[in-house]
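Have a look at the structure below, then the notes.
Quick note: the coordinates plus some simple rules give every number you see, no bench work behind them. Small disclaimer: the values here were computed from a predicted structure and weren't measured. Neighbour counts run over all protein chains shown; Cβ positions are idealised from the backbone, glycine included.
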């Protein structure tokens, strides 16, 4: 069997639909303590300032939600890691 990777949004509605459809998935997200690193990454890649502010203001809430997601395999990125490092 050939394993396929499909990248989808990590929005809650998408995660809930995957769980509802009994589709196994990995959820990749940074460790909680890496807020500063990620805000710097987003600014460096030219993300909109409103997006950066949204993440800055809601970081802990977003991480809480991801850490508590049922029905997935969580993969936490460490400092300096990128998605390509855990695939």
Selection from region 9-49 of residues that are assigned to a loop (DSSP other than H, G, I, E, B) and loosely packed, with under 12 Cβ neighbours inside 10 Å: 9, 11, 21, 22, 24, 45, 46, 48
Single unsatisfied condition, residue 52 versus (1) in contact (Cβ under 8 Å) with a residue 60 or more places away in the chain; (2) surrounded by 15 or more Cβ atoms within 10 Å (Cβ to Cβ): (1)
Anything in region 55-77 that is surrounded by 12 or more Cβ atoms within 10 Å (Cβ to Cβ) and not in a helix (DSSP H, G or I)? List them, or say none. 69, 71, 72, 74, 75, 76, 77
